[in-house]
Amino acid sequence: MASKIIKHKKSIVIAFMIITIISVFAQFTVSVNYNMVDYLPDDAPSTKAMDVMEQEFEGSVPNTQVMINDVSIQEALVIKEQLAAINGVSDVTWLDDAIDIKTPIEMADQETVESYYKDSKALFSFSIREGDEVEITNAVYDLIGEENAMTGEALDNATSQQMAGSESLYAAALLVPIIILILVLSTNSWVEPLFFLTAIGVSVLINLGTNFFLGEVSFVTQSVAPILQLAVSLDYAIFLLHSFQDYRKQTTDPSEAMQLAMKKSFPAIAASASTTFFGFIALTFMNFEIGSDLGVNLVKGILLSFISVMVFLPALTLMFYKWIDKTEHKQWIPSFRNVGSKILKIRIPVLLLVAILIVPAFLGQGQTNFTYGVGEQPEDTRSGSDAIKIEEEFGSYTPMVLLVPKGDIAKEIELVHDLDNTENVSSVLSYVNTVSEAIPPEYLDESITEQFYSENYSRIILQTDTKTEGDEAFALVETVKDTTETYYGDAFYALGESVTLYDIKNTVQKDNTLVNLLTVITIAVVLLVTFKSISIPLVLLLTIQSAVWINLSIPYFTDSSLVYVGYLIISTVQLAATVDYAILLMEDYKENRKVMPVLAALKKSIDGKLFSITISASILASTGFILWITSSNPVVSSIGLLLGRGASLAFIMVILFLPAMLLVFDKLISRTTWKANFYKEK
């Protein structure tokens, strides 16, 4: 295979270039979905409820609020009409929908009035059509001006869409120079880093282009997958070209050197790619399909990176290897000599420290306070500051909609009464309390009743004063469902952002155990096959899993919330991506151990592989921290922070903790590894 690749190198390079160019254009046909609701499984209660709502009613659940300052009731009614006239805005709700404003508002229920009108400020709620959030929110901004405020789920989606493109370019503009700098410092040529980046860059672009066959990707995948693929698979290119440079010192024929390098580096690259590949496959088993969407893209990306490194990079290198020779420079970073002996001197304190930390870390990572939505927008953005202004005036606001079987007016009246007296429910809008419980709906014009009645269902709209998620919001969802169930059994549907997030919470918590278990099992099997050992997979997994637990427990001990999607993804990605560091050290130690005692083998392995592991961890950590810094989307930012911190912790654990573990379990490893052939002192 290697000889055929070398023989047809020009054809291979041309073919890859053509595929890459096609992929660049193909990626522009792929749409990006910013709505997390769409990734709930089809059998989730809120998914079924949304389907019924779309079939029965033209309107939808309000997803936007606008606050107008210094306005009278009559002026507010004019603005309500202007909002309703905007194409894509529907179901504008205000005070006149809750009470009869022809009578003095002083005589109405003040709690209801102040939910909509307070201190000459009017608060409107309405729906914005999905898919056109940017255009419609811009039209609303043009209407209300700078002095008034808007907030809501639709605005969050619009903000994310507007920022996504510029933030991705900003992240790339920061990341690529940093990676080039790291690679220049770690190689002997100015041009060699460009070969690494070209090989992986081509695979990233092809991966983006092949999303054409999927038609759509999530905003998490669009933001995270390309950068993560680059950071994780860059090691493969480094392995191959470093091996090529080593063999060039042994033979004058570059083709022979490349053939030997491909043969030599293939097992290491295959093992590294396999652990990452199978780790990412675990994400595809998530019921919450954002994980599945990201998993498919990362699995595809790792496979394409592997093919690019083993096929395209050798061909490219042999065509332009003279450029590497002409741009050689001296080694900037000195070799790590005698570092191994210093690290092994602190092995006992390291073992004690990890033993002290590991149990609290394991317990802490399961007790973190999670958020399940996209989170709040930063305060330095208009959407973030507007949300604060509205909350300061009117408090938190989350609408909820109930669809109950139509027909039993008496039962509906009782339910509305019970809901109206429920804590955290500020008002209830239904036919029986806003039109008339005494007038049968069939006697009225459809324009009056269509908001509340369809052919089969009655719609009840609740205005609640909780946030979109959290213990209080989720407790209210349960209370409302329980109350409605006493009247209608399970023949009703509930909708709203808090209801959806409640379903997301229940879905992803079920995913957690399955995904983590699959990740550990698949990676353990790959390690078992790679090292032909029972004990080595346990030692390596304990090393990296300890870093994962410490990383994910930090939010608990710092009393900060963590986006659950980020937690779930990183618990898989960190293990799959950083276990390579442990594999690299373990492979070298196993070979050295065949010809020397345990201490000498460990010292040599640490001195020999510390440099490579440092470079790999630096690239992955830089990638994570840059995502954290550049992204305004809380989900993407959270993934970035966890990735950067996780790569750093994994590096520390592999360099300090793993050698100490190998020293302790050396005899066990020797006995439980097939044909270990460890050196025995006479």
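The values are calculated or read from the model by the stated rules, or taken from the named source; none is laboratory data. Computed from a predicted structure; not experimentally measured. Methodologically, a virtual Cβ is constructed for each residue, glycine included, from the backbone with ideal geometry; neighbour enumeration extends over all protein chains shown.
Residues considered: 294, 234, 298. Of these, the only one that is touching a strand residue (DSSP E or B) at 6+ places or on another chain (Cβ under 9 Å), closer than 17 Å to residue 577 by Cα and buried (at least 24 other Cβ atoms within 10 Å of the Cβ) is 294.
Evaluation of residue 101 against the conditions (1) more than 21 Å from residue 133 (Cβ to Cβ); (2) modelled with pLDDT under 85; (3) touching a Ser or Thr at 6+ places or on another chain (Cβ under 6 Å) shows that the sole unmet condition is (3). So residue 563 passes all but one of these: (1) in contact (Cβ under 8 Å) with a residue 40 or more places away in the chain; (2) more than 16 Å from the chain's Cα centre (by Cα). Which condition number does it fail? All conditions are met except number (2).
Between 554, 521, 536, the distinction of being out of contact with any Phe, Trp or Tyr (no Cβ under 8 Å at 6 or more places or on another chain) and over 20 Å from residue 657 (Cβ atoms) belongs to 521 only.
Taking the condition out of contact with any helix residue (DSSP H, G or I) (no Cβ under 8 Å at 6 or more places or on another chain) and modelled with pLDDT of 90 or more, does residue 594 pass? Here the answer is yes, as residue 594 does meet what is asked. Of all residues in segment 148-196, those being without any contact (Cβ under 8 Å) to a residue 12 or more places away in the chain and within 23 Å of the chain's Cα centre (by Cα) number 4.
Quick check on residue 47: is it among the polar types (S, T, N, Q) and either touching a helix residue (DSSP H, G or I) at 6+ places or on another chain (Cβ under 7 Å) or in the same structural domain as residue 214 (by TED's automatic domain parsing) (or both)?
Working: among the polar types (S, T, N, Q): yes; either touching a helix residue (DSSP H, G or I) at 6+ places or on another chain (Cβ under 7 Å) or in the same structural domain as residue 214 (by TED's automatic domain parsing) (or both): no.
Against the criterion (among the polar types (S, T, N, Q) and either touching a helix residue (DSSP H, G or I) at 6+ places or on another chain (Cβ under 7 Å) or in the same structural domain as residue 214 (by TED's automatic domain parsing) (or both)), residue 47 does not qualify.
Filtered by the rule that a residue be farther than 21 Å from residue 50 by Cα and in contact with a Leu (Cβ under 9 Å, 6 or more places away or on another chain), segment 124-158 gives 124, 137, 140, 143, 144.
Selection within segment 1-41: residues that are hydroxyl-bearing (Ser, Thr, Tyr) and crowded, with 17+ Cβ neighbours inside 10 Å. The member of this set that is nearest to residue 156 (Cα to Cα) is 34.
When 273, 257 are checked against the criterion of being touching a Lys or Arg at 6+ places or on another chain (Cβ under 6 Å) and either in contact (Cβ under 8 Å) with a residue 12 or more places away in the chain or not in a helix (DSSP H, G or I) (or both), 257 stands alone in meeting it. Annotation note: of 584, 552, 538, the sole residue that is buried (at least 24 other Cβ atoms within 10 Å of the Cβ), in a helix (DSSP H, G or I) and not polar (S, T, N, Q) is 552. Looking only at residues of segment 397-444 that are part of a loop (DSSP other than H, G, I, E, B) and farther than 30 Å from residue 150 by Cα, we find that the one that is modelled with the highest pLDDT is 406. Using the structure shown, decide if residue 614 is of a type outside the set (Gly, Ala, Ser) and closer than 23 Å to residue 266 by Cα. Considered against the rule, which asks whether it is of a type outside the set (Gly, Ala, Ser) and closer than 23 Å to residue 266 by Cα, residue 614 comes out as yes.
Condition check ((1) of a type outside the set (D, E, K, R); (2) touching a His at 6+ places or on another chain (Cβ under 9 Å); (3) over 30 Å from residue 602 (Cβ atoms)) across all residues:
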{"residue": "354", "(1), (2), (3)": "yes, no, no"}
{"residue": "381", "(1), (2), (3)": "yes, no, yes"}
{"residue": "406", "(1), (2), (3)": "no, no, yes"}
{"residue": "410", "(1), (2), (3)": "yes, no, yes"}
{"residue": "424", "(1), (2), (3)": "yes, no, yes"}
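Filtered by the rule that a residue be surrounded by fewer than 18 Cβ atoms within 10 Å (Cβ to Cβ) and either among the β-branched types (Val, Ile, Thr) or assigned to a helix (DSSP H, G or I) (or both), segment 628-665 gives 629, 652, 663, 664. Looking at 552, 562 in this structure, which one is within 13 Å of residue 362 (Cβ to Cβ) and either assigned by TED's automatic domain parsing to the domain that holds residue 636 or at pLDDT below 90 (or both)? After applying the criteria, what remains is 552.
For residue 330, the stated conditions do not hold, so it cannot be described as in contact (Cβ under 8 Å) with a residue 60 or more places away in the chain and closer than 19 Å to residue 234 by Cα. If you take the residues of segment 597-625 that are modelled with pLDDT under 90 and of a type in the set (Val, Ile, Thr), which of them is surrounded by the fewest Cβ atoms within 10 Å (Cβ to Cβ)? Checking each candidate, the answer is 614.
Per the conditions (1) buried (at least 22 other Cβ atoms within 10 Å of the Cβ); (2) free of Cβ contacts under 8 Å to residues at least 24 places away in the same chain, the sole criterion not satisfied by residue 476 is (2).
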